[in-house]
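Trainee: Before anything else, here's the structure in question.
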Amino acid sequence: MQVTPTAIPDVKLIEPRIFGDARGFFFESYNRRSLAAAGIAAEFVQDNHSRSHRRVLRGLHYQIQHPQGKLVRVSAGAVFDVAVDLRRASPTFGRHVAVELSAENKKMLWIPPGFAHGLLVISEQADFLYKTTDYWYADHERTLLWNDPALAIRWPLTEAPILNARDAAGTALAAAEAYR
């Protein structure tokens, strides 16, 4: 497993070692020992799976209390995945990391607690899998406005995304609750 820091060093790109032959492939999608050796010593409490269609944009979500670290990957299709630093004391506060995750490239992203997370489906359909370090608490969930100019996220869109009402009405970074 190769773990590489991104432009925001706490967010890490994970590239598993793929063993492939005529039958298909095998890789470890989670290995606690390998990740801990790379500085990701997270204990996961919940696994989630979502399926979405092209142009569906989910996020940017975070929990102001019970912040969640997330280990994310795609098992079918492809997404444009985004993590936004919401730690006020961080030198990268308000900056983001964006990567393409797909079933084909098998890359994963570690997003530590203190970040908002979102994704845009760029294939016909995508299955998105993620582990979290804390449980989901609806009362503490917040949504950062996906298209806030202050974030300068260059979403790969040629037409409007498909959003739910909560995501369409997200809060701009300037007014958002953030972590200390």
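Trainee: In whole Hz and in residue order, list the ³J(HN,Hα) couplings for the range 104-110 that follow from phi through the Karplus curve 6.51 cos²θ - 1.76 cosθ + 1.60, θ = phi - 60°; x for Gly and Pro.
Mentor: Those phi angles translate into 6, 7, 6, 6, 10, 10, 9 Hz.
Trainee: Could you give the distance between the Cα centres of the range 55-80 and the range 110-180, to the whole Å?
Mentor: With the range 55-80 and the range 110-180 each reduced to a Cα centre, they are spaced 7 Å.
Trainee: Report, please, the projected area of the range 1-111 averaged over directions, based on the convex hull of its C-alpha atoms, in nm².
Mentor: Value for the range 1-111: 8.0 nm².
Trainee: Another one. Place a point 7 Å from the Cα of Asp127 along the Cα-to-Cβ direction; which residues of the range 10-26 have their backbone N under 20 Å from it?
Mentor: 16-21, 23-26
Trainee: Here's something else I'd like to know. Within the P(r) computed for the range 126-174, what percentage of the Cα pairs occupies the region above 12 Å?
Mentor: On the way: 871 of 1176 pairs.
That fraction is 74 percent.
Trainee: Report the dimensions of the range 40-167 along its three principal axes from the alpha-carbon atoms, largest first, rounded to Å.
Mentor: 36, 31, 27
Trainee: Ok, one more. Charges only on Cβ, +1 for Lys and Arg, -1 for Asp and Glu: so what's the dipole of the chain about the Cα centre, in debye to the nearest 20?
Mentor: For this selection, approximately 240 debye.
Trainee: Can I ask one more? Kindly provide the Kirkwood hydrodynamic radius of the range 79-134 in Å, to one decimal, from all pairs of distinct alpha carbon atoms.
Mentor: The answer is 12.3 Å.
Read-outs: derived from the displayed coordinates by stated rules, not from any lab. Keep in mind that what you see is a predicted model, and the values were worked out from it rather than measured. Glycine also receives a Cβ, built like all others from the backbone with ideal geometry; neighbour counts cover every protein chain displayed.
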